[in-house]
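Engineer: This is the structure I have questions about; it appears just below.
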Amino acid sequence: MASRPLSGARPTLEDVAAVAGVSRATASRVLNSSPRVSPEAHEAVTAAALKLGYQPNQAARTLVTRRTGAIAMLVSEPQAKVFDDPHFGALVRAAASELSRIDTQLVLMLGLGEGSHGRAERFLRGGHVDGALLFTPHRDDPLPSTVRKLHLPCVFGGRPWGSLRGLYTVDNDNEGGGYLATEHLLSLGRRTIVSVSGPGDELSAQDRLAGWARAVSAGPDEQAHLTESGEYTREGGYLAMNKLLHRVPKLDGVFAANDLMAVGCLKALREAGKRVPDDVAVVGFDDNPMVAPHTDPPLTTIRQDLEDQVRKMIANLAVLIDGGSVRKREVLPVHLARRESA
């Protein structure tokens with residue numbers, strides 16, 4: 001008969017293992033969220049822990065396993081941009097939800113501007129977290145080169161600049177999305193398709209622009225004529241669209257490299273007396289549920305599943321923390337979400 005804790009005594013890991021009918025090591029792996037257990041063992045141990053009211057001693061577990069039960073999420077963007085752009089809000093929500101599901105604490109580090117990367121490096125070196133999720137899109141960001149020197153499991157969201165040697169990444173198919181958006185506009189009979197691109201120092205923007213250029217077969221000179229950067233903001237999209245309307249008055253299609261810029265484009269087109277989609281069809285990128293369905297008209301856009309991206313990043317990071325191996329680079333598919341704007 002399985003042993004039970006004495007009345008009033010705090011249940012131990014051995015008690016959980018006995019009630020579940022598994023070894024102490026298996027019970028420990030389940031309760032430490034290791035992926036190397038069978039579904040049956042996971043169910044039995046979880047049920048036993050709930051039945052006994054088992055609560056692990058976090059301080060003791062940290063000493064034994066050298067695990068903190070915490071993951072850092074670093075976003076190299078100003079705090080104002082992180083809180084204003086729903087893209088980053090979606091990433092943080094997805095990470096918090098997934099880590100909560102596996103009983104892991106999220107440590108959020110934002111606004112890693114000039115002068116703060118040293119502090120971030122010291123924190124990552126200090127043993128405060130078991131691993132890190134990093135979003136460092138800008139060309140001059142030192143974090144990608146820094147983490148190569150750290151003995152800390154890290155996974156990047158998106159493709160950082162420079163060599164990927166020694167880095168693990170989970171990205172969305174940005175170039176494929178730019179191509180898909182532009183091909184859709186071409187299928188509607190649009191022939192003068194301009195691109196409102198993102199920041200020049202972000203690879204996601206460069207990849208989306210490359211997809212547009214491949215679809216329209218635009219050479220360097222034509223690209224320069226038909227493209228304007230909107231910096232991934234509403235205001236940037238509005239200003240870029242006005243410049244393009246002046247420079248390319250016969251444009252009949254717009255690929256905006258994110259949904260926020262598309263909102264600015266729609267405003268500029270409306271003020272110019274252009275009907276969407278009758279005169280100009282517009283496609284965005286992101287399919288953010290806070291933005292795309294609520295524009296006027298509702299926005300056709302490229303859907304990237306940020307929750308899936310974050311889940312995959314965390315799953316890969318958990319394997320790395322546990323000493324396993326994963327693919328160096330994963331690229332997730334994107335899809336067209338069609339609405340009334342194109």
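Engineer: Suppose the filter is part of a helix (DSSP H, G or I), surrounded by fewer than 18 Cβ atoms within 10 Å (Cβ to Cβ) and modelled with pLDDT of 95 or more; does Arg270 pass it?
Structural biologist: Yes.
Engineer: I need a count of the residues in the stretch 237-255 that are out of contact with any strand residue (DSSP E or B) (no Cβ under 7 Å at 6 or more places or on another chain) and open to solvent by less than 30 Å² (accessible area, probe 1.4 Å).
Structural biologist: 1
Engineer: Still on this structure, please answer the following. Which condition does Pro144 not pass, out of (1) within 22 Å of Val92 (Cα to Cα); (2) in contact (Cβ under 8 Å) with a residue 40 or more places away in the chain; (3) in contact with a Phe, Trp or Tyr (Cβ under 8 Å, 6 or more places away or on another chain); (4) not β-branched (Val, Ile, Thr), if it passes all the others?
Structural biologist: Condition (2) is where Pro144 drops out.
Engineer: Then there is this: Just the residues that are among the polar types (S, T, N, Q) and not in a loop (DSSP other than H, G, I, E, B), please, taken from the stretch 159-196.
Structural biologist: Those that are among the polar types (S, T, N, Q) and not in a loop (DSSP other than H, G, I, E, B): Thr169, Asn172, Asn174, Thr182, Ser187, Ser195.
Engineer: Quick one: would you say Asp207 is in contact (Cβ under 8 Å) with a residue 24 or more places away in the chain, open to solvent by less than 10 Å² (accessible area, probe 1.4 Å), in contact with a Gly (Cβ under 8 Å, 6 or more places away or on another chain) and not hydrophobic (A, V, I, L, M, F, W, C)?
Structural biologist: no
Engineer: Looking at the stretch 212-234, which of its residues are in contact (Cβ under 8 Å) with a residue 40 or more places away in the chain and not in a loop (DSSP other than H, G, I, E, B)?
Structural biologist: Trp212
Engineer: List, please: which pairs have Cβ atoms under 6 Å, are six or more places apart or on different chains, and start with a residue in the stretch 319-342 that is assigned to a helix (DSSP H, G or I) and end with one that is acidic (Asp, Glu) and crowded, with 16+ Cβ neighbours inside 10 Å?
Structural biologist: Filtered contacts from the stretch 319-342: Ile321/Asp130.
Engineer: Restricting the search to the stretch 64-104, which residues are modelled with pLDDT under 85, among the acidic types (Asp, Glu) and assigned to a helix (DSSP H, G or I)?
Structural biologist: If the condition is that a residue be modelled with pLDDT under 85, among the acidic types (Asp, Glu) and assigned to a helix (DSSP H, G or I), then Asp84 is the only one that fits.
Engineer: Among the listed residues Gly166, Gly237, identify the single one that is touching a residue at least 40 places away in the same chain (Cβ under 8 Å) and out of contact with any Phe, Trp or Tyr (no Cβ under 9 Å at 6 or more places or on another chain).
Structural biologist: The conditions single out Gly237.
Engineer: Related question: I'm told Cys265 meets every condition in (1) farther than 18 Å from Pro86 by Cα; (2) in contact with a strand residue (DSSP E or B) (Cβ under 7 Å, 6 or more places away or on another chain) except one. Can you identify the failing condition by its number?
Structural biologist: (1)
Engineer: The conditions are (1) part of a loop (DSSP other than H, G, I, E, B); (2) surrounded by fewer than 21 Cβ atoms within 10 Å (Cβ to Cβ), and Val129 fails exactly one of them. Which is it?
Structural biologist: (2)
The values are calculated or read from the model by the stated rules, or taken from the named source; none is laboratory data. Predicted model only: the values in this text are computed from it and were never measured. Cβ atoms come from the backbone with ideal geometry, glycine included; neighbour counts cover every protein chain shown. With ligands, DNA and RNA removed, areas are computed over all heavy atoms of the protein, side chains included. Shrake-Rupley method; radii C 1.70, N 1.55, O 1.52, S 1.80 Å.
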